[in-house]
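Enquirer: Take a look at the following structure, please.
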Amino acid sequence: MRYTIQSGILTAETSQEVLAKIKSSVIGPVKKIYKNSDEPVAKTDICPCDPCGGYTGDVRGKEYVMVSGNGERIAVAYPGYSESDNPDAVGWPICRMPKVDHASITAKDADYSLIMDNSRSYSLRNGAGQELLRIVHKGIAGGWNLEDRQGFPPEVLCGIFSFCRYLEQENEFLIV
């Protein structure tokens, strides 16, 4: 199935029916996901987990969490550095943070890999490497196209999209 996200609104590509909405908080990374009502059905956030390596700002000390409206965890993602920029292998860069290009996701006892092909294209793959979801920026027109081969619910698609945006945020230039 094909979808479009524009201005935080997920629509079916063929019918333009609104399936879900993403609303960001004014401060912080929390994104609330709504589905046909004013009550949020899910939310995503970036939370600290066990820090590894002892470095402040190490992305491996974070987890991206998607929880349902009643507080039950739907999915959790652990971001990781690109192989060519992994600080364990090549050391910490002097003038920038290492590039983050993937996250390992666990959702309902299934494991997935969210891969940032570039800042305009993402793919979600299962353990066998099959592409289940592709998210691609629409270019100058704005918005994003989603091609779902798995049949994820709209709120989960919005949550995965939020995880993509979190990955992109990790690579933004840090100003001190």
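The values are calculated or read from the model by the stated rules, or taken from the named source; none is laboratory data. The model shown is predicted, which means the values in this text are computed figures rather than measured ones. Heads up, the Cβs are rebuilt from the backbone with ideal geometry, glycines too, and the neighbour counts pull from every protein chain shown. Ligands, DNA and RNA are stripped out before the accessible areas are found, and what is left, the full protein with its side chains, is counted by its heavy atoms. Shrake-Rupley method; radii C 1.70, N 1.55, O 1.52, S 1.80 Å.
Enquirer: Among residues belonging to the stretch 36-45 that are open to solvent by 40 Å² or more (accessible area, probe 1.4 Å) and at pLDDT 90 or above, point out the one that is nearest to GLN169 (Cα to Cα). Break it down into steps so the answer makes sense when it comes.
Expert: In the first step, residues of the stretch 36-45 are kept if they are open to solvent by 40 Å² or more (accessible area, probe 1.4 Å); the result is 36-41, 43.
Filter again for at pLDDT 90 or above, leaving 40-41, 43.
Details: PRO40: 23, VAL41: 24, LYS43: 17 Å.
Only one residue tops the list, namely LYS43.
Enquirer: Something else about it: Out of LEU157, LEU146, LEU167, I need the residue that is of a type in the set (A, V, I, L, M, F, W, C) and farther than 29 Å from GLY57 by Cα. Which one?
Expert: On the way: LEU157 fails: farther than 29 Å from GLY57 by Cα; LEU167 fails: farther than 29 Å from GLY57 by Cα.
Checking each option against the conditions leaves just LEU146.
Enquirer: Going by the conditions given, is TYR3 aromatic (Phe, Trp, Tyr), buried (at least 16 other Cβ atoms within 10 Å of the Cβ) and without any contact (Cβ under 8 Å) to a residue 40 or more places away in the chain?
Expert: Details: aromatic (Phe, Trp, Tyr): yes; buried (at least 16 other Cβ atoms within 10 Å of the Cβ): yes; without any contact (Cβ under 8 Å) to a residue 40 or more places away in the chain: no.
In short, no.
Enquirer: Let me ask something else about it. From the list CYS52, CYS95, which one is over 15 Å from CYS164 (Cα atoms), modelled with pLDDT under 90 and touching a helix residue (DSSP H, G or I) at 6+ places or on another chain (Cβ under 6 Å)? Please lay out each step first, then the result.
Expert: Values: CYS95 fails: touching a helix residue (DSSP H, G or I) at 6+ places or on another chain (Cβ under 6 Å).
Selected residue: CYS52, the only one of CYS52, CYS95 that is over 15 Å from CYS164 (Cα atoms), modelled with pLDDT under 90 and touching a helix residue (DSSP H, G or I) at 6+ places or on another chain (Cβ under 6 Å).
Enquirer: Condition first: closer than 13 Å to GLY159 by Cβ and of a type in the set (Gly, Ala, Ser). Now tell me which residues in the stretch 19-78 satisfy that.
Expert: ALA20, ALA42, SER68, GLY69, ALA75, ALA77, listed by residue number.
Enquirer: Here's a follow-up. Taking the stretch 101-128 only, how many residues are free of Cβ contacts under 8 Å to residues at least 12 places away in the same chain and farther than 18 Å from TYR64 by Cα?
Expert: Within the stretch 101-128, the first condition is being free of Cβ contacts under 8 Å to residues at least 12 places away in the same chain, and the residues that meet it are 109, 117-118, 128.
From what is left, the residues that are farther than 18 Å from TYR64 by Cα are 117-118, 128.
So the answer is 3.
Enquirer: Tell me, which residue of the stretch 68-89 that is open to solvent by less than 30 Å² (accessible area, probe 1.4 Å) and within 17 Å of VAL41 (Cβ to Cβ) is modelled with the lowest pLDDT?
Expert: Ranking the candidates gives SER68 first.
Enquirer: Additional query: Can you pull out the residues in the stretch 148-159 that are in contact (Cβ under 8 Å) with a residue 60 or more places away in the chain and either open to solvent by less than 40 Å² (accessible area, probe 1.4 Å) or within 15 Å of the chain's Cα centre (by Cα) (or both)? Break it down stepwise before answering.
Expert: So in the stretch 148-159, the residues in contact (Cβ under 8 Å) with a residue 60 or more places away in the chain come out as 148, 151, 154-159.
Within the stretch 148-159, ASP148, PRO154, GLU155, VAL156, LEU157, CYS158, GLY159 qualify.
Enquirer: So, one more: Any residue in the stretch 90-98 that is within 13 Å of the chain's Cα centre (by Cα) and either crowded, with 21+ Cβ neighbours inside 10 Å or charged (D, E, K, R) (or both)? Please lay out each step first, then the result.
Expert: Keep residues of the stretch 90-98 that are within 13 Å of the chain's Cα centre (by Cα), which gives none.
Checked the stretch 90-98: no residue is within 13 Å of the chain's Cα centre (by Cα) and either crowded, with 21+ Cβ neighbours inside 10 Å or charged (D, E, K, R) (or both).
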